[in-house]
Ligand SMILES: [Zn+2]
């Protein structure tokens with residue numbers, strides 16, 4: 001039987017404002033424990049990883065948004 005591996009290096013809450021309707025969407029992303037995954041907000045902003053995240057507005061589904069803020073959440077250490 002396989003146990004699901006859910007190793008999370010960092011968790012970020014992003015606030016994004018839609019270009020079309022200006023609705024603000026909160027988006028939580030989890031950075032997996034992989035070599036190129038960011039573990040701080042700075043690394044997240046600098047990495048191409050952020051560009052690979054798909055976004056669509058929760059109101060109008062426009063995929064274009066302005067990043068308003070990013071906040072790093074406390075991550076709960078995985079049980080050993
Ligand atoms: Zn929208």
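Some points to look at:
- Output for the stretch 63-78, where each listed residue is out of contact with any strand residue (DSSP E or B) (no Cβ under 9 Å at 6 or more places or on another chain) and either under 18 Å from residue 10 (Cβ atoms) or more than 16 Å from the ligand (Cβ to nearest atom) (or both): 77
- The single condition among (1) at pLDDT below 95; (2) near the ligand (Cβ under 8 Å from one of its atoms); (3) surrounded by fewer than 15 Cβ atoms within 10 Å (Cβ to Cβ) that residue 21 does not meet is (1).
For (1) within 16 Å of the ligand (Cβ to nearest atom); (2) surrounded by 13 or more Cβ atoms within 10 Å (Cβ to Cβ); (3) at pLDDT below 85, each residue gets a yes or a no:
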| site | (1), (2), (3) |
| --- | --- |
| 28 | no, no, no |
| 38 | no, yes, no |
| 55 | yes, yes, no |
| 61 | yes, no, no |
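- So residue 66, is it exposed (fewer than 14 other Cβ atoms within 10 Å of the Cβ) and at pLDDT 85 or above: yes
The values are calculated or read from the model by the stated rules, or taken from the named source; none is laboratory data. Computed from a predicted structure; not experimentally measured. All Cβ positions, even for glycine, are placed from backbone atoms using ideal geometry, and neighbour counts span all protein chains on display.
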